[in-house]
């Protein structure tokens, strides 16, 4: 990431430059390709303004904040940009999953698109406490929440079960044996 810091109406202090570069470094996890970052810090009476522009191939994200303290202005501007990057990454991720579904059911396969299926990565890990419930309770929980599946411990057999909604709207039950 190439970062340029510009000061307007004030003498540029070294801590402001270092602080902005440090905070921008935390955005690298959302960005895959090289990015130019322009940071403009200005002071007008009691208003400290931080304006940050990220630019890359087809990507242009801006964040601007005014605060009484320069630390707050920089932090808030970077939080705005971080929200925009997260939203963009989720949108791109959602687009890719939709195209892969199209490839599975009709059209080109995933291997023809150049994606390697053997390079699967674990993106998120969750620990769950399995609640004992009946099948009816699990179906009720599926209908009341927007979860795609429910993992639970069957109250009568103590086995772990998974219930999920099929594409036709009906439910399917997976019983895990010991």
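Laid out as a table, the results:
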read-out: All positions within the range 122-138 that are modelled with pLDDT of 85 or more and surrounded by 12 or more Cβ atoms within 10 Å (Cβ to Cβ); value: 133, 134, 135, 137, 138
read-out: Members of the range 96-121 that are at pLDDT 65 or above and in the same structural domain as residue 27 (by TED's automatic domain parsing); value: none
read-out: Pick from the range 8-42, criterion over 19 Å from residue 67 (Cα atoms) and either outside the structural domain of residue 57 (by TED's automatic domain parsing) or assigned to a loop (DSSP other than H, G, I, E, B) (or both), ranking: nearest to the chain's Cα centre (by Cα); value: 31
read-out: Meets criteria (assigned to a strand (DSSP E or B), closer than 21 Å to residue 13 by Cα and at pLDDT below 90) for residue 50; value: no
read-out: Qualifying positions in the range 53-75 - more than 20 Å from residue 8 (Cα to Cα), surrounded by fewer than 18 Cβ atoms within 10 Å (Cβ to Cβ) and at pLDDT 85 or above; value: 55, 60
read-out: Pair list, Cβ < 9 Å and 6+ apart or interchain, from the range 72-95 residues that are closer than 17 Å to residue 40 by Cα and outside the structural domain of residue 39 (by TED's automatic domain parsing) to residues that are at pLDDT 90 or above and surrounded by 14 or more Cβ atoms within 10 Å (Cβ to Cβ); value: none
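The values are calculated or read from the model by the stated rules, or taken from the named source; none is laboratory data. If you're wondering where the values come from, they're calculated on a predicted model, not measured in any experiment. Note that we place each Cβ from the backbone using ideal geometry, even for glycine, and neighbour counts take in every protein chain shown.
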